[in-house]
Structures are given as C-alpha cells and as structure tokens.
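Here is the structure we will look at.
The values are calculated or read from the model by the stated rules, or taken from the named source; none is laboratory data. Just so it is clear, the structure is predicted and the values come from calculations on it, not from any experiment. Every residue, glycine among them, receives a Cβ derived from its backbone with ideal geometry; neighbour counts consider all protein chains shown. Please note that ligands, DNA and RNA were not included when accessible areas were found on the heavy atoms of the full protein model with its side chains. Shrake-Rupley method; radii C 1.70, N 1.55, O 1.52, S 1.80 Å.
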Amino acid sequence: MTTHDTEAAHHGYATDLVPPDQQGSGWKVFFIVAGSLCGLPCFILAAQIFGSLGFRQGVLAVLLGGAISGVLGALTSATGSRSRMGLALLADRTFGPLGARAVKLVIALSLIGWFGVNIGVLGTTGARALSQISGHTVAALAVGLPVCVLIAAITIAGATGLEKLGKVLVPCTLIILGLSFYLVSDRITEVLGQPGSGTLSFGSAVSAMVGTYVVGIVIQPDYGRFVQVPAGAAAGSGLALGLFYPALMIISAFASLVTGAPELISAMIILGVGIPALVVLLLGAWIDSSACLYSASLSLANQFPRLNFIGIVLGITAIGVVLVVLGADTAFIPFLIALSVCLPPLASVMVLSAWLAGGETPAGAGQARTAAVAWICGAAVGLTSNYGILRLSHVPSIDAILAATAVFMALRLASTRSQLARG
C-alpha cells in the first residue's frame, strides 16, 4: 500500500475512491444494516403498529414498508459499490463544490442530531430497565455517557468494526426473538385474533416503517462502496431491509402484545429475562449510533480534509455527550423530522446522477443546478406532505423521492433537447 493509500485509509477514504483490494462481499452491508435495525426504535414501532392495526393488518403494513425500504436501500448501496464513493464524495460529484458544502453540512447535522437522540433514548430506557431489575434508581446519564466511549471505539474502526459488531448482534437478537416467542407461544392464538386500537392508519404505519430507517438508507453508499459487485451490495441491503426488517418487527411484536409492554425490552423484563434483552438493547444502540457517527465524520472529513478523522470522531462524540447532558434530544425532534423528509430526495438525486449523468467526474454548472433544483423541489413536496398540505402516496418520504425524481428527469431531458437543438 502506497503512502497515499495509507493516508486515505486512515481518513476513511473520505476524499478518495475505495481501492478494489479493499472491497469485499455484500455480507458486509447485510450485517451492518441488519445490526443497525436491532435497536429500540424498531421494537417500539413494532408494538405501536401491531397494537394499532391488529396482527393481520400489521403484517401487511410491515411487509409493504420493508419492501419499500429494501428497494431504496438496494439502490443507494449499489450506487456506492458502482462508484466506489461514499455519500459525501457523491455529493461533490453531483452538486459541484459550492452546492456540495450545503449538502454535506445537512448530512452531518442530521447524523449528529440522530446520534445525540439515540444516546439520550438509550440512557433513559436502559436506566429505567436497570431500575426495574435491580430495585435501585439508576440515572440515565450513568448509562448513556459510558456507552459513548464504546461507540467512538467502533466508529474509529470504520465499516469493518460495524460489520464485526453486526455479526455479533444479529445472532444475539435472533436468540432473544426466539426466546420471546417461546415464552408467549401458548397465547399466540389470542394475539392473532386481537383487534387493533386504530390509533395509527395503515398508511401512517407504512410511512413510520420507512421513516424509521430512512437516514440509514441515505447513507448506504458509505458501506456499499466497500462491496466489489454492485448486485452484491444491493442484495445485502435489500435482504436486510426487505426481509430481516419486517421479520424482526413481526416476531418482536408477539411478546409486546401478550404482555401489554410498550416494546420488546420491557416485555422481556416482565417475562423474567431482562438481562439478555438489555444486552441486545446495548448492542443495538451501539451499532446504530456508531453508524450515524461514522457517516457524520466522513461528511466532515470530506469537507475539511486537513482534520484528522479520529479527531473528528472524538469531537462529534463530545458534542453528542453535551446534547445528552442538556437533554437536547427533545428539542431536536422537530428539526430531525424535517431532515428525514429532506434527505430521501437528496439520495434519489445522487443515485440518478451517478447512474445516468456520470458520477465519476465533477458535475458542470448546469448539472449541479439541475440536481439542486430537483432536491429543493423534492424536499418542498416532502415537507408539505408531512404536514398534510399535499399528499401523493401518504408516505412523505416517498412523495419527496417521486417529486425529486420527476423534476430531475424533466430538467435533464430539457437540457438534452436544448443541446441537440444548438448542435
């Protein structure tokens, strides 16, 4: 490995293409994505969807949500593999130097925010669970802050560290899911016939299913670039989101429905096996938060190449600690909801640019304007859909993607016709 290659690897290939000898199989993406799904947000969402819709309608909702997520994840992951670029580098090639700065800032802010929220939720839930098990009061910060150290350690190891953690977490989660199903198996018939509360509509359930991991879908190029064959990257992400995700939701819902608990971890404590469930909770938050921290660090490292990648990771970790101490996760929620609608059209524009407009060279002024206009239009439609002003599919993130795709293709076609007319 040359001096340049060593330096690029040290910085996580934030400003360079991933070398072919650093690429592997699609299993890397599968374990990273599947591991990121094994966290508290999915367990909470599963209990809410099945509690609201009932079991049969709930299954249809999570299967549809998983299918949508799987297709989107497959496309973004394959784009990373095909271009050998991460999300930040793709932004450079799509939006040009000036536009990419705004894009990478949005990406970094959203991921730093999600990182802080994840740690805050982990601290609160973990402390409550430990208090129930031990009978002693446990402070949320006593759980959340030490975990930040573990998260930073895995993040510094890069995609390889996330993959290794995923290989541990996925089997552990499957064991916990199997145990939870066994413990309530004598009441399965009761669950199958249980009516829903109706607090969530079918469309809202599908939207929540897609929205829960939409930021993860957007950052898939950061992991897909380490896969040699684009079809392998697409399969890894598609299987994790299209099959593992809905299966995780369906199986985890049984224990919650039987016990009346708000999510799987609380249900397992009620069933008397809280410690193993807490281990899964810790590992799930660990890999999910590490994935956010990793992509946020790549985005900033790409924008400020003179900064040390490890220093950026530690700096963002410190910011996350401050957010947790201040309890800023509640203040960030409205901001993060808006970003979760703005990021999907950004991903769709970069995917289209990489596959149709030639993502290997920086975009010209015209291409950059086309990409920027398409992103802005998609985000605007997504925001109006989120607030119920304009709805196309009843899933705001999908509305944003459809609008951005339509505008990008229309502007690209108009530009092509204009060039032919001048020629």
Original post:
Roughly how many Å² of His394 are accessible to a 1.4 Å probe, to the nearest 10?
Top reply: 110
Original post:
Once you have the alpha carbon radius of gyration of the range 88-212, what is it after dividing by 2.2 N^0.38 Å, with N set to its residue count?
Top reply: 1.48
Original post:
Which Cα, out of Tyr245, Ile310, Leu105, lies furthest along the positive dipole direction of the chain (beta carbon charges, K/R +1, D/E -1)?
Top reply: Leu105
Original post:
Which percent of the accessible area of the range 254-334 is formed by carbon and sulfur heavy atoms (probe 1.4 angstrom)?
Top reply: 75
Subject >> Where labels lie 7 Å past Cα in the beta-carbon direction, separation of Thr416 and Arg306 in nm >> reply: 4.3
**OP:** Take the range 22-421, compute every pairwise Cα distance, and split them into 10 Å bins from 0; I just need the percent in each bin.
**Re:** 5, 23, 33, 25, 10, 3, 0, 0
**OP:** Estimate the FRET efficiency between Ile175 and Ser25 by the formula 1/(1 + (r/R0)^6), using the beta-carbon distance for r and 30 Å for R0, to the nearest 0.05.
**Re:** 0.75
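Take Asp222, Asp16, Asp21 and sort them by solvent-accessible surface of the protein heavy atoms, 1.4 Å probe, largest at the top. Don't skip to the end; give the middle numbers.
Numbers: Asp222 5, Asp16 35, Asp21 120 Å².
I get Asp21, Asp16, Asp222, largest accessible area first.
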Original post:
Given H placed 1.01 Å from N in the peptide plane, which residues other than close sequence neighbours of Gly24 have an amide H under 5 Å from its amide H?
Top reply: Val227, Gln228
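Quick one: length gained pulling Glu190 to Val322 fully straight, 0.36 nm per residue minus the C-alpha distance?
Working: separation 132, 0.36 × 132 = 47.52 nm, distance 4.57 nm.
Fully extending the segment from Glu190 to Val322 adds 43.0 nm.
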Subject >> Highest-first arrangement of 264-275, 198-209, where packing means the average Cβ count within 10 Å >> reply: 264-275, 198-209
Original post:
So, with a 1.4 angstrom probe, what is the percent of accessible area on the range 31-147 that is carbon and sulfur?
Top reply: 69
Original post:
Rg and Dmax of the range 32-117, Cα atoms, in Å?
Top reply: 16.9, 50
Original post:
Where nothing but the Cβ of Lys and Arg (+1) and of Asp and Glu (-1) is charged, how large is the charge dipole of the range 40-169 around its Cα centre, in debye to the nearest 20?
Top reply: 240
Subject >> Whole-Hz couplings from phi, Karplus 6.51/-1.76/1.60, listed for the range 146-163; x for Gly and Pro >> reply: x, 5, 4, 5, 5, 4, 4, 4, 5, 5, 4, 6, x, 4, 5, x, 5, 4
Original post:
Which value results when the Cα radius of gyration for the range 124-273 is divided by 2.2 N^0.38 Å?
Top reply: 1.23
